[in-house]
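Here is the structure we will look at, set down as C-alpha cells.
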Amino acid sequence: MEGNKGNSELGKILVYGLLIMLAFAGYAKFGIPLVIPEAPPVEEKITGAMTKDQFVAMGDKIFHGKGTCTLCHSPVGGRAPVLDAVGPRSSERIKDPRYKGKAKTGEEYIRESMMEPSTYVVAGFGKPGTNDTVSPMPQINKGAIGLSDVEINAVISYLQKSGGVEVTVPLPTGAAPAAPAGGAEAAAAPKPATTAEEAFNKYGCVTCHVVPGIAEGGDMGPNLTKLAKEAGSRKPGMSGQAYIIESISTPNAYVVKGFEPDMMPSDFAEKITMSEMNLIVNALLGKK
Ligand code: HEC
Ligand code: HEC
C-alpha cells in the first residue's frame with residue numbers, strides 16, 4: 001500500500017514535471033488541454049433564518065472548505081487532534097488544571113480554541129520547542145481564513161452535532177447577518193484558480209505559509225517568499241522547479257530544517273490542477 005502510494009506520487013511528479021516543461025516549451029499553444037475539469041461551483045448562501053439542520057450543514061461545509069480545518073484536523077497525518085469527539089471533550093477541557101482560559105461551557109471552549117488557540121494547547125500538539133504553550137493553529141477569525149461570528153457558530157454547531165452533544169449556539173434569525181457575504185461566496189465549491197494568489201488561497205497554503213504576493217500567512221510552515229533563491233540549492237542536482245513540484249506533491253521527500261515531517265498534507269497532487277500547479281510553481285520561482 002505505502003509502496004504503491006510512493007510510486008504513484010513519483011508518477012505524479014513526473015507527469016507534472018513533464019507537463020510543466022511542455023507548457024514552458026510552448027506546446028500549450030498546440031492545444032494540449034492543461035486544465036483538469038472540475039465540478040461546477042455550487043453557491044452557498046446565508047439566508048437569514050435557518051433551521052438547526054441547515055446551520056449544522058453550513059458548519060460542515062465551512063469546516064471542510066473555507067475554514068481550512070481539515071488541512072490539520074484530519075484522521076491522517078496527526079497534525080492536530082481529531083475533532084469528532086470535541087463536543088463531549090470540550091466540557092472536560094475546562095476542568096483540566098492546565099486550563100487557564102475564560103470558557104465556562106463546552107461551547108465557549110470550542111469558540112475560544114478557534115479564536116485564541118494558544119489559550120489552551122492540547123498536550124503534544126504545541127509548536128516545537130514551546131513546551132505546549134504556543135499553538136500552531138492560526139486564529140481562524142483573522143487573516144487568511146477570517147471566519148465571521150456566524151460562521152464560527154455554524155462550525156461549533158457542526159462539531160457539537162457530530163460529537164453527539166446538544167447544539168447550544170444561537171441560530172441566525174431574521175435579516176441576513178451583515179458580515180458573511182464574502183464568506184458564503186468562499187464556501188462555494190472550488191473552481192480552477194486563475195491567478196497564483198487564488199490558488200494559494202484555494203488550497204489553504206496561506207494557512208501555513210507566508211507566500212509571495214499575499215501579506216498575511218501562517219507560520220506552521222516555512223516562509224516561501226525567499227524560496228526562489230533557495231529552491232535550486234535544496235537538493236544537489238535538482239532544479240528549483242523540480243524541487244518545488246516535489247515539495248508540494250511529496251512534502252516528506254525533503255523536510256526543511258527547523259520543521260517536522262508529516263505537517264504538510266500529502267494529497268495536494270491529487271487535488272491541484274495542472275494549470276494551478278503551473279501558477280503556484282511560477283509564483284514561488286519568482287516568475288510572473
Ligand atoms: C494549521 C493547522 C490547523 C488549522 C488550519 C486548524 N487547526 Fe485547530 N488545532 C490545531 C492544532 C495543532 C491543535 C492542538 C493545539 C491546540 O490546542 O491549539 C488544534 C486545536 C483545536 C481545537 C481544540 C481541540 C481539543 O481537543 O481541545 C479545536 C476545537 C480546533 N482546533 C478547531 C479548529 C477549527 C474549527 C478549525 C477550522 C476553522 C481549525 N481548528 C483549524 C491545528 C489547526
Ligand atoms: C498544514 C500546514 C501546511 C499547508 C496547508 C501547506 N504546507 Fe507547505 N509546508 C508545511 C511545512 C510544515 C513545511 C516544512 C516541512 C517540510 O519540508 O515538509 C512545508 C514545506 C513546503 C515547501 C518547501 C519549502 C522550502 O523552504 O523548501 C513548499 C514549496 C511548500 N510547503 C509549498 C506549499 C504549497 C504550495 C501549499 C498549498 C498548496 C502548502 N505548502 C500547504 C506546511 C504546510
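Any idea which residue in the range 220-247 is nearest to ligand 2 (Cβ to nearest atom), counting only those that are of a type in the set (V, I, T) and open to solvent by less than 20 Å² (accessible area, probe 1.4 Å)?
Top of the filtered list is I244.
Of the residues R98, R89, which is assigned by TED's automatic domain parsing to the domain that holds E108, out of contact with any strand residue (DSSP E or B) (no Cβ under 6 Å at 6 or more places or on another chain) and buried (at least 17 other Cβ atoms within 10 Å of the Cβ)?
Step by step, each of R98, R89 is checked, and only R89 is assigned by TED's automatic domain parsing to the domain that holds E108, out of contact with any strand residue (DSSP E or B) (no Cβ under 6 Å at 6 or more places or on another chain) and buried (at least 17 other Cβ atoms within 10 Å of the Cβ).
Go through the range 53-84 residue by residue and tally those that are more than 16 Å from ligand 2 (Cβ to nearest atom) and under 26 Å from P128 (Cβ atoms).
Selection size over the range 53-84: 1.
Given the criteria open to solvent by less than 40 Å² (accessible area, probe 1.4 Å), within 30 Å of K257 (Cα to Cα) and not assigned by TED's automatic domain parsing to the domain that holds G217, does S157 qualify?
When the stated conditions are applied, S157 does not pass them.
From the list G129, G164, which one is in contact (Cβ under 8 Å) with a residue 24 or more places away in the chain, on the phi > 0 side of the Ramachandran plot and outside the structural domain of P265 (by TED's automatic domain parsing)?
None of the others qualify; the one that does is G164.
Could you tell me how many of the residues in the range 109-148 are away from ligand 1 (no atom under 11 Å from the Cβ) and crowded, with 16+ Cβ neighbours inside 10 Å?
Qualifying residue count for the region: 1.
Given the structure, is A144 modelled with pLDDT under 90, under 22 Å from L71 (Cβ atoms) and in the same structural domain as I110 (by TED's automatic domain parsing)?
The answer is yes for A144.
For the subset of the range 200-229 comprising residues that are among the charged types (D, E, K, R) and part of a loop (DSSP other than H, G, I, E, B), which member is farthest from E246 (Cα to Cα)?
Top of the filtered list is E216.
The values are calculated or read from the model by the stated rules, or taken from the named source; none is laboratory data. Small disclaimer: the values here were computed from a predicted structure and weren't measured. Because the Cβ atoms are built from the backbone with ideal geometry, glycine has one as well, and the counts that use them run over all protein chains shown. Only protein heavy atoms, including side chains, enter the accessible area calculation; ligands, DNA and RNA are left aside. Shrake-Rupley method; radii C 1.70, N 1.55, O 1.52, S 1.80 Å.
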